[in-house]
């Protein structure tokens, strides 16, 4: 009996020792990780490419950060410490490097952390590489014209705002008129035509007067002639067609008699012949609009005289015109929201959409929903783009909101010519909204530019829309002149504050002319000129605003490299 009773006692002791050992092993695994990841701590890291300037700060779940420098010996990085198993995580950019845009492009989030992560990818690209290419870093410079038709290093247009611009198939930048400085005298209306060659860095005075306030020489309607030239003007509209001809419409300036007022004349300039042709509209100022029947082209139809309108050209070569401030169908003057189409092949105008009166409120409908009743309010000095699908885009300006109140706007609209419908896409439906900047370089649902007019805008090859500067509201609700740069992605519906300040009236940081530097940026300005070349680079000229010191008329030329 004694032998039998001792055997079970030894088995129990052995079992207890096994339990203690297993408990110790489990505790050790809990501290140092295991294959199942049920209670482990794991590391999170990845790789970065394209970082060439300064450093970028990444953040884990809004708390833990890692700083990655462009001078690092390797492109690999990892957050300090480790993180609890099975927890969700998100890696985002907390601080952008100066002059570049970094984005988390892969592996940046997961619902559960179950192993060490080393595949978070971050890609950086140049986005803020502003370069001062020419012109003065001071205000109110006079023009240096040289010999007409001859490029020269000393040639430069005088400081001005609200000029008209085109870019031709050879990449030359064209500039016409505006309000500013000719060769001598004070600031007045201009009708000088200039061409800038990015490859040579030289300006050429091509035509028009080197004095101010010149009357128009119209000649015979439809007939090009050496003596023809549009009168001095500002806030006109422009298009360039598939044949390389430059088109000019309206503005505020001088007619055939030398009288000054609002214009509705349509001109064509042929760069190969150097001749202007008066195509349509009146040769005297302040003409009333003749609308005809909505949607029907007619020989008598013509938009009323106006300035600060918006324009597009579609893939069929039709010219589109929207709004501005000018004359409606009754002869009254105010802000307009009429949409017109001009067919160069038929020579006819068609009133397509909008009202025939002035100063009317916008009808916004539901955000993101096209509807027959939707219509942007009457406005001036807005921005416009056309996308690859042929949709017309309209942003901001000064005009009337959903309540009928007048002020600066930050609404974004899309018009579908095929459907004939407007869609309110983004921004507010009331005037004078402040900007919500968020984190520089980071897209966010809440981010939106402040309400503004007379900004510059363009579309890049990826279909993103860009907006720079203008006069309007900053992040604090203060109003003034802006130098912020924004990007809008139609695919995500998000705005990104890319560059420039979130305040008003900033002076320019010019650096060395021709030298790329992440610290250079144009000063705050409105009513500048812009072009986009075949490489997708933005060119910006002049406007009224802030140089390195002082506020006035600008003639500085800048280049911006977009990603």
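The values are calculated or read from the model by the stated rules, or taken from the named source; none is laboratory data. Just so we're clear, the structure is a prediction, and the values are computed from it rather than from any experiment. We place every Cβ from the backbone using ideal geometry, glycine too, and count neighbours over all the protein chains shown.
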- Message: On the basis of being closer than 21 Å to residue 415 by Cβ and surrounded by 18 or more Cβ atoms within 10 Å (Cβ to Cβ), does residue 264 make the cut?
- Response: no
- Query: Do any strands (runs of 3 or more DSSP E) entirely within the range 231-275 hold 3 or more residues that are farther than 18 Å from residue 382 by Cα, and if so, which?
  - Reply: 246-254, 260-270
- Query: For residue 356, are the conditions met, namely being assigned to a loop (DSSP other than H, G, I, E, B), in contact (Cβ under 8 Å) with a residue 60 or more places away in the chain and closer than 25 Å to residue 422 by Cα?
  - Reply: yes
- Task: From (1) buried (at least 20 other Cβ atoms within 10 Å of the Cβ); (2) in a loop (DSSP other than H, G, I, E, B); (3) at pLDDT below 95, pick out the condition that doesn't hold for residue 385.
- Result: (2)
- Message: Just to verify a result, which residue in the range 68-77, among those that are within 17 Å of residue 119 (Cα to Cα) and surrounded by 13 or more Cβ atoms within 10 Å (Cβ to Cβ), is modelled with the lowest pLDDT?
- Response: 75
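Give the residue, chosen from 143, 171, 185, that is buried (at least 17 other Cβ atoms within 10 Å of the Cβ) and within 29 Å of residue 308 (Cβ to Cβ).
Exactly one of 143, 171, 185 is buried (at least 17 other Cβ atoms within 10 Å of the Cβ) and within 29 Å of residue 308 (Cβ to Cβ), namely 143.
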- If you check every pair at least six apart or on different chains, which have Cβ atoms under 7 Å apart with a residue in the range 57-69 that is free of Cβ contacts under 8 Å to residues at least 60 places away in the same chain first and a residue that is outside any strand (DSSP E or B) and surrounded by 15 or more Cβ atoms within 10 Å (Cβ to Cβ) second? 60/79; 64/79; 66/79; 68/51
- Item | Among (1) modelled with pLDDT of 95 or more; (2) surrounded by 19 or more Cβ atoms within 10 Å (Cβ to Cβ) - the single one residue 129 does not satisfy | (1)
- Query: Hey, which of the strands (runs of 3 or more DSSP E) in the range 454-563, taking only ones fully inside, have at least 2 residues that are in contact (Cβ under 8 Å) with a residue 40 or more places away in the chain, touching a strand residue (DSSP E or B) at 6+ places or on another chain (Cβ under 9 Å) and under 21 Å from residue 381 (Cα atoms)?
  - Reply: 456-459, 465-473, 479-489, 529-532, 538-546, 551-561
